[in-house]
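All remarks here apply to the structure that follows.
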Amino acid sequence: MFSYVYNGATWIYVVLMSKMQEAEAGIGAKQIPDVSESLFSTLDIVLIAIIVGGVGWYFLNKRKQEKENAAKRTYSIQPTSMNLQTSLDNSFIKKLKTSGRSLVVFYGSQTGTGEEFAGRLAKEGGRYRMKGMVADPEECDMEELVSLKSIPSSLAVFCLATYGEGDPTDNAMEFYEWLQNGDADLSGLNYAVFGLGNKTYEHYNEVAIYVDKRLEELGATRVFELGLGDDDANIEDDFITWKDRFWPAVCEHFGIESTGEEVSMRQYRLEEFGENLPERIFTGEMARLHSLKSQRPPYDAKNPFVSKILVNRELHKTGERSCMHIEFDIEGSKMRYEAGDHLAVYPINNSELVEKIGKLTGKNLDTIFTLINTDEESSKKHPFPCPCSYRTALTHYLDITGNPRTHVLKELSEYCSDQADKDKLKLMAGTSAEGKALYQKFINDDNRNIVHILEDIKSCKPALDHLCELLPRLQPRYYSISSSPKLNPNSVHITAVVVEYETPTGRINKGVATTWLAKKLPKEAEDLPTVPIFIRKSQFRLPSKTQTPILMIGPGTGLAPFRGFIQERNSAKQEGKPVGETILYFGCRKKNEDYIYQEELEEYERSGLLKLHLAFSRDQPEKVYVSHCLEKNADELWSVISENNGNIYICGDAKTMANDVRNIILKVIQEKGSLTEQQASAYMKKMETQKRLSTDVWS
């Protein structure tokens, strides 16, 4: 007997299984003479037919009913029109055509400099009868590059920064991958590329070099040679030198001439509010109004998590310098991190500098204002969240401590009442050898920020709204995470030296983020200081197998990510997993002064997890650095690299330490491996490709 709670299909399945089991049970007793008799009787077949028919009728009737109900509904879904709208919004070709433009300048920017350069090029296009538009590749359908040739005398310029291990910036990642993986026909596309990089890094300007080469491979026409800007030297000088040769090449290519007219660099119009204030006023949020008060995940650069500081303690034992160990609470944020990732901190500017700007420009900082883009086709309606007060803009949104670039000085010159002051600023903004030398000395070498310039060039009284348009955005500061989620799942740690130094003009310059963080000391559990943060993923990773040997080189705060690595390896060891050799090269000035995390490291060494090589540069007459220790232990280094197939990690200063260490590794590979310099270099490149040689460095 069968239960009628089964539906038709299940009932058939049970009948069949029952019959099969009966047949299998009797198979050894006798042969089955015919099929109908062996499995089903006539009654069984009739019953199955009735059930199959009933089930079929049920489903057909149900589908018919659903169609009738759908036809009665008063609304309809039209995905085609929605997709079309999205496509139109992302169409830079449409925007160029409707606004009568022929120049589009794309930017790949992590800190804002690439975007700034793109804006300057687009503006200057008007001087050469090429109306320009700035575009973010992340917000554009970059496949439309194949159609740009449909616009007469059109030109695409790419201002692309390289960061990390030769990586494109976040907003240029999809475009970069499209070039790598696609084979679009870009014949008829006119282009030029300017790269933003830093020569102290191994992969100097790799993104711009690749894009320039790849566009040509796909059939595009290079209008002017690739420009390479070096931020370690003077990227502003590199840019204007390239730009001043770029425009004549553009004129020659398209058969056009300069109008000779000065182009106003103003992109935004001002609106100030008196008594009738707008309902929406930003107070420091990155994108969404009230996002710092009404928090909701996911958290990223546009929506940082407001984290409580649980611990902020001094790591240096004595001395004038200060190094902070800070622990941020991420419990409940749903943010996850891995050892080797970076923590981004959104700082605020020093209030004294903000007040000085207000006094020097003669403006009430509590005035609410907004800057509105005069280019209606631009996706960027405001330079920063607007409307807000001038105080909010100068405190949260604008970089007031950096060295201003030449275009800023050129605009400032128009506000000088003294001719000598005007001439000085114009000279520094120009391209003459004398002007470049003066800019290098007065701005870069003397480390003058906008406050210092207005203090020293006394007749310069710019409009504050124009200054807000000219100054670049205040960027988040990134720190290598110095903890492991295995040990600290609900908190993330950083290690940071407080930046403070005297300039040649006798002023004291202070690091924006570190001096601000140094004051955020947790005193009472009920009233902990807070900081907006988010986590940026990194490629700086431990090997997947715990038994793989690792050798880490990290002097000073370069130790930060390795503290997380060591915590992770120790956790694996405590779980009973096999852990390979874990070697650390650490150095600082003096053992009794700035040997950070000394107790932790020595405890790991006593437990047998860690092998330590230490260099205290100023504890003896001759300075000793980690590079010297590494060179002395060439056999150990070669053993990790060759015999044990281990991983090498470098973290710290890119210009000197990292470069010295790389040269030592190259030398050891060459000598111990009996290779030529070229073969040793190829070996290192292969290690990098396999992620067996990784760097996390800064300039």
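The values are calculated or read from the model by the stated rules, or taken from the named source; none is laboratory data. Note that this is a predicted model, so its numbers are computed, not measured. So basically every Cβ, Gly included, is an ideal-geometry build from the backbone, and we count neighbours across all protein chains shown. Ligands, DNA and RNA are excluded from the accessible area calculation, which covers all protein heavy atoms including side chains. Shrake-Rupley method; radii C 1.70, N 1.55, O 1.52, S 1.80 Å.
Just one of the listed residues (Glu469, Glu455, Glu434) is under 26 Å from the mean Cα position of the chain (by Cα) and part of a helix (DSSP H, G or I), and it is Glu469. For the structure I just gave you, tell me whether Arg541 is of a type in the set (Lys, Arg), open to solvent by 10 Å² or more (accessible area, probe 1.4 Å), out of contact with any strand residue (DSSP E or B) (no Cβ under 7 Å at 6 or more places or on another chain) and within 28 Å of Ala615 (Cβ to Cβ). So Arg541 fits the description; yes. All told, Ser294 meets the bar of being small (Gly, Ala, Ser), farther than 30 Å from Val105 by Cα, surrounded by fewer than 17 Cβ atoms within 10 Å (Cβ to Cβ) and without any contact (Cβ under 8 Å) to a residue 60 or more places away in the chain.
Which of the residues that make up the range 310-360 are part of a strand (DSSP E or B) and in contact with a Leu (Cβ under 6 Å, 6 or more places away or on another chain)? Full working, then the answer.
Narrowing the range 310-360 to residues part of a strand (DSSP E or B): 310-314, 323-329, 342-345.
Result: Asn312, Cys323, His325, Glu327, Asp329.
Candidates are the residues of the range 645-679 that are closer than 21 Å to Phe586 by Cα and acidic (Asp, Glu); the one that is farthest from the chain's Cα centre (by Cα) is Asp660. Within the range 471-479, is even one residue open to solvent by less than 40 Å² (accessible area, probe 1.4 Å), under 27 Å from Ile650 (Cα atoms) and not β-branched (Val, Ile, Thr)? The answer is yes; a qualifying residue exists.
Determine whether Ile453 is free of Cβ contacts under 8 Å to residues at least 60 places away in the same chain, within 18 Å of Glu355 (Cβ to Cβ) and not charged (D, E, K, R).
On the way: free of Cβ contacts under 8 Å to residues at least 60 places away in the same chain: yes; within 18 Å of Glu355 (Cβ to Cβ): yes; not charged (D, E, K, R): yes.
Judged against the criteria, Ile453 is a match.
Of all residues in the range 537-560, those that are at pLDDT 95 or above and among the polar types (S, T, N, Q) have Cβ atoms under 6 Å from Cβ atoms of residues that are open to solvent by 40 Å² or more (accessible area, probe 1.4 Å) and in a loop (DSSP other than H, G, I, E, B), 6 or more apart or on another chain, in Thr546/Lys577; Thr546/Val579; Gln547/Pro578.
Considering the range 338-392, and only residues there that are among the acidic types (Asp, Glu) and modelled with pLDDT under 95, the residue that is surrounded by the fewest Cβ atoms within 10 Å (Cβ to Cβ) turns out to be Glu376. Just wondering, is there one or more residues in the range 292-307 that are out of contact with any Leu (no Cβ under 6 Å at 6 or more places or on another chain), assigned to a loop (DSSP other than H, G, I, E, B), at pLDDT 95 or above and closer than 16 Å to Cys386 by Cβ? No. Evaluation of Ser483 against the conditions (1) assigned to a loop (DSSP other than H, G, I, E, B); (2) of a type in the set (Ser, Thr, Tyr); (3) open to solvent by 40 Å² or more (accessible area, probe 1.4 Å) shows that the sole unmet condition is (3). Annotation note: Cβ proximity below 9 Å between a residue of the range 331-358 that is free of Cβ contacts under 8 Å to residues at least 60 places away in the same chain and a residue that is among the hydroxyl-bearing types (Ser, Thr, Tyr) and part of a strand (DSSP E or B) (sequence gap 6+ or interchain) occurs for Ser333/Ser307.
If we keep just the residues of the range 486-511 that are touching a strand residue (DSSP E or B) at 6+ places or on another chain (Cβ under 9 Å) and of a type in the set (A, V, I, L, M, F, W, C), which is most open to solvent (accessible area, probe 1.4 Å)? Let's see the steps before the verdict.
Step one: filter the range 486-511 for residues touching a strand residue (DSSP E or B) at 6+ places or on another chain (Cβ under 9 Å), giving 488, 490-503, 508-511.
From what's left, of a type in the set (A, V, I, L, M, F, W, C): 492, 494, 496-499, 508.
Details: Val492: 0, Ile494: 0, Ala496: 4, Val497: 46, Val498: 33, Val499: 66, Ile508: 92 Å².
That would be Ile508.
Would a scan of the range 179-195 turn up a residue that is touching a residue at least 60 places away in the same chain (Cβ under 8 Å) and exposed (fewer than 15 other Cβ atoms within 10 Å of the Cβ)? Checking the range 179-195: not a single residue is touching a residue at least 60 places away in the same chain (Cβ under 8 Å) and exposed (fewer than 15 other Cβ atoms within 10 Å of the Cβ). Taking the criterion of being basic (Lys, Arg) and either closer than 28 Å to Ser681 by Cα or assigned to a loop (DSSP other than H, G, I, E, B) (or both), the residues of the range 203-239 that qualify are Lys213, Arg214.
Out of curiosity, is Thr318 more than 30 Å from Phe562 (Cβ to Cβ) and either touching a residue at least 60 places away in the same chain (Cβ under 8 Å) or of a type in the set (Phe, Trp, Tyr) (or both)? No; evaluated as a whole, the condition is false for this residue. Quick one: would you say Asp232 is among the charged types (D, E, K, R), touching a residue at least 60 places away in the same chain (Cβ under 8 Å) and open to solvent by 20 Å² or more (accessible area, probe 1.4 Å)? It is true that Asp232 is among the charged types (D, E, K, R), touching a residue at least 60 places away in the same chain (Cβ under 8 Å) and open to solvent by 20 Å² or more (accessible area, probe 1.4 Å).
Can you find a residue in the range 401-414 that is open to solvent by less than 50 Å² (accessible area, probe 1.4 Å), more than 20 Å from Glu116 (Cβ to Cβ) and in contact (Cβ under 8 Å) with a residue 12 or more places away in the chain? Step through it out loud before you land on a result.
Here is the first cut: in the range 401-414, the residues open to solvent by less than 50 Å² (accessible area, probe 1.4 Å) are 401-402, 404-409, 411-413.
Keeping just the survivors that are more than 20 Å from Glu116 (Cβ to Cβ) gives none.
No, the conditions are met nowhere in the range 401-414.
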